[in-house]
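S.K.: One structure is given below, represented as structure tokens, and several questions about it will come after.
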Amino acid sequence: MKVKVTKEKVSIAEHSFINEGEYNVNFCTFILPDEFKGLKVNAVFNNITVPVVNNSCTIPPLKSGNVFFGVFAYKEGEEKASLIYSPKPVAFYVNSGSFNEEISEKSNIQL
């Protein structure tokens, strides 16, 4: 998924299909404004915070349904903290997949 971020909003420039429970499968790349340079950037997927490194991140495992997605940036170690966030998050839909959270271990199937 490709995401454009401004100080006003987050918008999806290129959408990809995401299925419930996928882990380390879906990636997000960001087009960030100049105001974010030198700041630590984080993406938030339904209250799950993920660091953005080199303008990209891995989308965390999500449950099916609507996901609200936002971005914020900050600078550490100063008396006055610098914080920028996009006040208008964007929503996208996560499809039901084959993920089942009740399965905790691999099962040995013998044929």
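The values are calculated or read from the model by the stated rules, or taken from the named source; none is laboratory data. None of these values were measured; they are calculated from a predicted model. Cβ coordinates were reconstructed from backbone atoms using ideal geometry, including for glycine residues, and neighbour counts include every protein chain displayed.
S.K.: Please specify each residue of the stretch 7-26 satisfying the condition of being among the aliphatic types (A, V, I, L, M) and assigned to a strand (DSSP E or B).
M.R.: If the condition is that a residue be among the aliphatic types (A, V, I, L, M) and assigned to a strand (DSSP E or B), then V10, I12, A13 are the ones that fit.
S.K.: If I filter the stretch 45-56 for residues that are in contact with a Lys or Arg (Cβ under 8 Å, 6 or more places away or on another chain), without any contact (Cβ under 8 Å) to a residue 24 or more places away in the chain, in a strand (DSSP E or B) and exposed (fewer than 14 other Cβ atoms within 10 Å of the Cβ), do I get at least one hit?
M.R.: Looking for residues that are in contact with a Lys or Arg (Cβ under 8 Å, 6 or more places away or on another chain), without any contact (Cβ under 8 Å) to a residue 24 or more places away in the chain, in a strand (DSSP E or B) and exposed (fewer than 14 other Cβ atoms within 10 Å of the Cβ), one finds at least one in the stretch 45-56, hence yes.
S.K.: Then there is this: Can you find, within the stretch 1-21, the residue that is surrounded by the most Cβ atoms within 10 Å (Cβ to Cβ) among those that are of a type in the set (A, V, I, L, M) and under 12 Å from F69 (Cβ atoms)?
M.R.: V5
For every residue, the table says whether it meets (1) under 14 Å from K4 (Cα atoms); (2) among the hydroxyl-bearing types (S, T, Y); (3) at pLDDT below 90; (4) over 13 Å from the mean Cα position of the chain (by Cα).
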{"residue": "V53", "(1), (2), (3), (4)": "no, no, no, no"}
{"residue": "F69", "(1), (2), (3), (4)": "yes, no, no, no"}
{"residue": "A81", "(1), (2), (3), (4)": "no, no, yes, yes"}
{"residue": "S86", "(1), (2), (3), (4)": "yes, yes, yes, yes"}
{"residue": "V94", "(1), (2), (3), (4)": "no, no, no, no"}
